[in-house]
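Colleague: Handing you this structure, nothing more for now.
The values are calculated or read from the model by the stated rules, or taken from the named source; none is laboratory data. Note that the structure is predicted; figures quoted are calculated from it, not measured. Cβ sites come from the backbone with ideal geometry, for glycine too, and all protein chains shown count toward neighbours.
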Amino acid sequence: MTPMLISKQVMQRCCMGRTTLNNRTRRGRPGYDCDFPKPVKLSARCNAWFAAEIDAYINRKAAERTNSSA
């Protein structure tokens, strides 16, 4: 089974608040990021993300920062 993270865990891992997390995933919102992993709808009120996808996103952003400052 692939580990999944609920919103609170994603916010902690990415160091962002709920509004920022919502903006990252909703097209048309300021702060929307098409590269941010898409959530999996577990129920009407619960989204989750694959931990590996969140980690890969963080690593890509770190690599972009490293590459842009070189």
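Colleague: Looking at (1) surrounded by 13 or more Cβ atoms within 10 Å (Cβ to Cβ); (2) in contact (Cβ under 8 Å) with a residue 24 or more places away in the chain, can you tell me which one Pro3 breaks?
Modeller: Looking at each condition in turn, Pro3 falls short on (1).
Colleague: Let me ask another. So in region 24-54, with the set limited to residues that are under 12 Å from the mean Cα position of the chain (by Cα) and in contact (Cβ under 8 Å) with a residue 40 or more places away in the chain, which one is surrounded by the fewest Cβ atoms within 10 Å (Cβ to Cβ)?
Modeller: For region 24-54, the residue satisfying everything is Ala52.
Residue-by-condition table, conditions (1) modelled with pLDDT under 95; (2) touching a strand residue (DSSP E or B) at 6+ places or on another chain (Cβ under 7 Å); (3) of a type in the set (A, V, I, L, M):
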position	(1), (2), (3)
Met1	yes, no, yes
Val10	no, yes, yes
Gly17	no, no, no
Arg29	yes, no, no
Lys38	no, no, no
Phe50	no, yes, no
Ile58	no, no, yes
Arg65	yes, no, no
